[in-house]
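Each value in this text was obtained by applying a stated rule to the coordinates, not by laboratory testing. Nothing here was measured: the structure is a model prediction, and the numbers come from that model. Cβ coordinates were reconstructed from backbone atoms using ideal geometry, including for glycine residues, and neighbour counts include every protein chain displayed.
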Amino acid sequence: MSLRKIKKASQLIKNSNKTMVLTGAGISTESGIPDFRSPGTGLWENTDPMEVLSTSVLYNNPERFYKDGFNILLDMMDANPNKAHNILAEMENLGFIHGIITQNIDNLHQKAGSKYILEVHGNTRESSCMNCGNTVNINVLTEKVNSGEIPPKCNICGGTLRPDVILFGDMLPEAFNIALKEVETSDLLIVIGSSLMVAPVNYLPQMANKLIIINKGYTLMDNFCEVKIEASAGDTLEAILEEIEGK
Ligand code: NAD
């Protein structure tokens with residue numbers, strides 16, 4: 001890890017009045033959740049997530065959705081936050097960051113204690129009925145699926161329940177519009193653990209006034225940021241916080 005880049009990133013954060021963070025699947029790999037595109041371990045190596053986590057498979061082949069796609073979601077639910085999630089929560093408490101925009105659906109920023117979180121791809125805490133909109137805890141849906149009720153039915157109207165994650169083919173939630181405004185009114189955006197291949201979230205760094213990228217691999221915005229740090233999210237954030245606090 002380059003000390004020069006850590007110092008530059010820390011200076012940008014100290015000089016910024018408002019800093020937002022955009023996280024992707026790479027921040028959670030150290031919690032044991034595979035991302036999409038890391039060579040060798042990414043989910044894309046074995047399955048095409050677009051095929052099993054899409055509205056098309058949910059509507060037309062619910063057996064496949066609940067057998068293959070839903071299991072990818074369930075595998076995330078017992079994970080614990082890692083150093084990177086914890087340091088972001090601390091940086092928010094200390095006033096160095098304003099909030100987090102996350103593409104992740106693993107609830108790890110909440111578990112780490114972050115307060116202002118915009119979940120632009122939904123979450124795996126809740127599920128809702130596609131007919132009447134009734135919302136229930138994801139455990140209700142999981143119990144139904146585990147007992148063979150596929151597609152799982154809403155107890156109120158008998159419609160189909162689905163997890164509240166944004167699937168390929170879904171519209172983005174209101175949180176994305178808020179995220180656009182937050183980035184527009186920020187001095188600095190820090191992207192952590194995202195290849196920035198997924199649209200329209202990858203539009204956010206294009207709008208940023210200043211940009212720091214912490215990502216182990218290539219991203220589409222590498223040539224347009226003030227600093228790119230190619231290292232582990234946790235180690236990098238730890239070094240940045242120590243530098244900001246002058247330790
Ligand atoms: P991505 O898989 O496209 O990119 C992740 C990037 O993080 C890669 O470039 C990888 O090299 C890098 N990376 C991996 N481990 C890292 C680490 N420890 N430190 C720093 N960088 C690291 O992920 P994406 O851009 O978020 O897009 C994937 C989509 O899939 C998102 O929409 C997300 O919602 C979803 N997804 C979410 C989860 C989750 O909630 N944890 C997991 C898989 C996929």
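Computed values, structure above
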| item | result |
| --- | --- |
| Estimated distance in nm for a label pair at Asn93 and Thr185, the labels positioned 7 Å out from Cα along Cα-to-Cβ | 2.6 |
| Check: the range 34-154 dipole with +1 on Lys, Arg Cβ and -1 on Asp, Glu Cβ, in debye | 240 |
| 5 angstrom amide H check on Leu188, placed H, neighbours 5+ away | Lys18, Met20, Lys210 |
| Efficiency of FRET from Cβ geometry, Glu126 and Arg64, R₀ 25 Å, rounded to 0.05 | 0.65 |
| Rounded to whole Hz, the Karplus (6.51, -1.76, 1.60) HN-Hα couplings of the range 68-75, x for glycine and proline | 9, x, 4, 5, 4, 5, 4, 4 |
| Two-site label geometry, Met207 and Leu220: point separation in nm, points 7 Å out along Cα→Cβ | 1.5 |
| Local electrostatic count, Ile100, Cβ distance below 12 Å [Lys/Arg +1, Asp/Glu -1] | -2 |
| Nearest-20 debye value, the chain charge dipole, Cβ charges on Lys, Arg, Asp, Glu | 460 |
| Entries of Lys115/Lys216; Lys8/Lys115; Lys67/Lys228; Lys115/Lys247; Lys111/Lys216; Lys144/Lys216 with Cα pairs more than 31 Å apart | Lys67/Lys228; Lys144/Lys216 |
| Euclidean distance of C-alpha centroids, the range 99-117 and the range 198-212, integer Å | 18 |
| Charge dipole of the range 127-247 about the Cα centre (unit charges at C-beta), most positive-ward option of Asn202, Gly133, Phe168 | Gly133 |
| Spacing of the two label points (7 Å from each Cα toward its C-beta) at Glu230 and Ser56, in nm | 3.4 |
| Degrees between helix 174-184 axis and first principal axis of the chain (Cα, 0 to 90, nearest 10) | 10 |
| Of Pro49, Ser16, Ile97, farthest towards positive along the dipole that unit charges on Lys, Arg, Asp, Glu beta carbons give the range 1-122 | Ser16 |
